[in-house]
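What follows is one structure encoded as structure tokens, with my remarks underneath.
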Amino acid sequence: MTDATNDMTGVIEADRAHIWHHLIQHKQFETNDPRIIVEGKGIKVWDAKGKEHIDGVSGGVWTVNGGYGRESIAEAVYDQLVKLNYFAGSAGSIPGSNFAKRLIEKMPGMTRVYYSNSGSEANEKVYKMVRQIAHRHHGGKKYKILYRDRDYHGTTITALSSAGQPQRAMQYGPFTPGFVEVPHCLEYRKQWDVENYGERAADAIEEVILREGPDTVGAIVLEPVTAGGGVIVPPAGYWERVGEICRKYNVLLHIDEVVCGVGRTGVWFGYQNYGVKPDFVTMAKGVASGYAAIACTVTTEAIFEQFKDDPSDPMSYFRDISTFGGCTAGPAAALENMRIIEDEGLLENTIVMGERLRANLRALQDKHRVIGDVRGAGLFCGAELVADRGTKEPADEKKVTAVVADCMAQGVIIGMTNRSLIGLNNTLCFSPALIATADNIDHITDAVDRALIKVFN
Ligand SMILES: Cc1ncc(COP(=O)(O)O)c(C=O)c1O
């Protein structure tokens, strides 16, 4: 630790006095110290008290995919910052151009990258593009955007207008009009008693399109694997049917890869597990593993062309800017992050370690009746805790929180669905860095085993 961080009492008191932490009730900090993370290396982090933790959630919110302490990323960012730190995105930059080329090579069918600053913002860019296409090409009619129950697309008021997580959105309305919900596809909590559940859940989207009127629906936004809504992997047949429905009704498909993007599920993008063809793909968190802020809205030439077809009309192009979308640190870090994933074989590691993580969790499921369901793809897993396996009554949220806290006390950071779905914040979440080893995975699940014994027996 450096000298500056040795005065931890001062840091903690300044934090207690002045920091408004994200997503947390602060009354507790009147008696307990706020948590301060001081240092990270590989998959481990150290807090202000010097305690070591294995980070099973990549910086809390599935972000630090390449692991902590990557000097080559820091150097790439340093070199770029001293050359040119910033210029507005109406001009190009060397790392912006180079990263876009590398990214597009991984995304057959896509051609254009629009830089911004956060996942929420990347999604809002799509919403604006869809609305502008509706105005310019559909007489203003195809303005509605569908989103799915249990999915999340960001924190701003319009991103929250597309939140399938009522507990996140509650008390922040009124919301932006024109967003319509479709049912979730989690088979563990069935809404239809059928064999081909995936297709049936996708057919529910068609029902909503027909109810709303196909000439009013411009797009649908979906997470490839729902993250904070409970780590939901769509059942077989779902994505194929979604693709068919979108084509049938000329509804643009927007896939939100903010969590899955850049390796989390063992392929570059979650949608590539399913062979579906998106019109828009958004990404943020893992793109530069948190070494710099960067978000991308990626689209096709067919979409892009619609914004340049009439240069004589001053309103015909995408009249949007993101100031910090012009920061060069983001693409410089993202380029090096992508090189690391390739050179270290991290996609392959993600598949192998993800299988180990699920196998370990399934072994725990055999031992602990409280684990109702284990699901996931790559290093992105959830274990849903239930009070009763037969009725699937969710486990008491306080007990789920106690499991997370007990793991933390053991030096293992795991997550849980958090203030997302009333009565259903009962899924433990795991998303270690893509560098995780077999020992790391076993260490995480051993801690969960001990915590479940303690909390539920
Ligand atoms: C699927 C998904 N989309 C969008 C976002 C919003 O990203 P940001 O917090 O960078 O705005 C998140 C954040 O958790 C997310 O999980």
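For this structure, a couple of remarks:
- Condition check for residue 442: part of a helix (DSSP H, G or I) and surrounded by 17 or more Cβ atoms within 10 Å (Cβ to Cβ): no
- Single condition residue 258 does not satisfy, out of (1) β-branched (Val, Ile, Thr); (2) more than 16 Å from the ligand (Cβ to nearest atom); (3) under 16 Å from residue 280 (Cβ atoms); (4) assigned to a loop (DSSP other than H, G, I, E, B): (2)
- Residues in the range 29-49 that are open to solvent by less than 80 Å² (accessible area, probe 1.4 Å) and farther than 17 Å from residue 11 by Cα: 40, 42, 43, 44, 45.
- Complete set of residues in the range 120-147 that are over 19 Å from residue 278 (Cα atoms) and part of a helix (DSSP H, G or I): 135, 136, 137
- If you go through the range 70-88 and keep only what is open to solvent by 60 Å² or more (accessible area, probe 1.4 Å), of a type outside the set (D, E, K, R) and either in contact (Cβ under 8 Å) with a residue 40 or more places away in the chain or within 16 Å of the ligand (Cβ to nearest atom) (or both), you end up with 81, 84, 85, 86, 87.
- Matching residues, the range 415-428, being in a loop (DSSP other than H, G, I, E, B) and of a type in the set (A, V, I, L, M, F, W, C): 421, 422, 424
- Of the helices (runs of 4 or more DSSP H) lying entirely inside the range 314-414, the ones with 3 or more residues being open to solvent by 30 Å² or more (accessible area, probe 1.4 Å) and of a type outside the set (D, E, K, R) are found at 346-367, 397-409.
- The residues of the range 385-401 that are within 27 Å of residue 52 (Cβ to Cβ) and under 24 Å from the mean Cα position of the chain (by Cα), listed by number, are 385, 400, 401.
- Selection status of residue 22, surrounded by 14 or more Cβ atoms within 10 Å (Cβ to Cβ) and within 30 Å of residue 287 (Cα to Cα): no
- Test: residue 286 is open to solvent by less than 40 Å² (accessible area, probe 1.4 Å) and either within 16 Å of the ligand (Cβ to nearest atom) or assigned to a loop (DSSP other than H, G, I, E, B) (or both): yes
- Residue 427 vs. criteria surrounded by fewer than 23 Cβ atoms within 10 Å (Cβ to Cβ) and hydroxyl-bearing (Ser, Thr, Tyr): no
- In the range 261-283, residue nearest to the ligand (Cβ to nearest atom) [restricted to those that are small (Gly, Ala, Ser) and assigned to a loop (DSSP other than H, G, I, E, B)]: 261
- Among the residues of the range 136-160, those identified as touching a strand residue (DSSP E or B) at 6+ places or on another chain (Cβ under 8 Å) and away from the ligand (no atom under 16 Å from the Cβ) are 138, 142, 143, 144.
- Identity of the residue in the range 89-135, small (Gly, Ala, Ser), open to solvent by 30 Å² or more (accessible area, probe 1.4 Å) and closer than 18 Å to residue 262 by Cβ, that ends up farthest from the ligand (Cβ to nearest atom): 109
- Residue that is surrounded by the fewest Cβ atoms within 10 Å (Cβ to Cβ), among those in the range 289-313 that are touching a helix residue (DSSP H, G or I) at 6+ places or on another chain (Cβ under 8 Å) and among the aromatic types (Phe, Trp, Tyr): 307
- Qualifying position, being modelled with pLDDT of 95 or more, assigned to a loop (DSSP other than H, G, I, E, B), in contact with a helix residue (DSSP H, G or I) (Cβ under 9 Å, 6 or more places away or on another chain) and farther than 28 Å from residue 99 by Cβ, among 21, 53: 21
- Considering residues of the range 36-61 that are of a type outside the set (Val, Ile, Thr) and either more than 30 Å from residue 438 (Cβ to Cβ) or more than 23 Å from the chain's Cα centre (by Cα) (or both) only, the residue farthest from the ligand (Cβ to nearest atom): 50
- Candidate set: the range 161-201, residues that are without any contact (Cβ under 8 Å) to a residue 40 or more places away in the chain and aliphatic (A, V, I, L, M); chosen: the one farthest from the ligand (Cβ to nearest atom): 194
- Top-ranked residue of the range 224-254 - restricted to ones that are open to solvent by 10 Å² or more (accessible area, probe 1.4 Å), in contact with an Asp or Glu (Cβ under 6 Å, 6 or more places away or on another chain) and under 28 Å from residue 428 (Cα atoms), ranked as farthest from the ligand (Cβ to nearest atom): 237
The values are calculated or read from the model by the stated rules, or taken from the named source; none is laboratory data. It should be emphasised that the depicted structure is a prediction, and the values quoted were computed from it without experimental measurement. Counting neighbours? That spans all protein chains shown, and the Cβs are built from the backbone with ideal geometry, glycine included. Ligands, DNA and RNA are stripped out before the accessible areas are found, and what is left, the full protein with its side chains, is counted by its heavy atoms. Shrake-Rupley method; radii C 1.70, N 1.55, O 1.52, S 1.80 Å.
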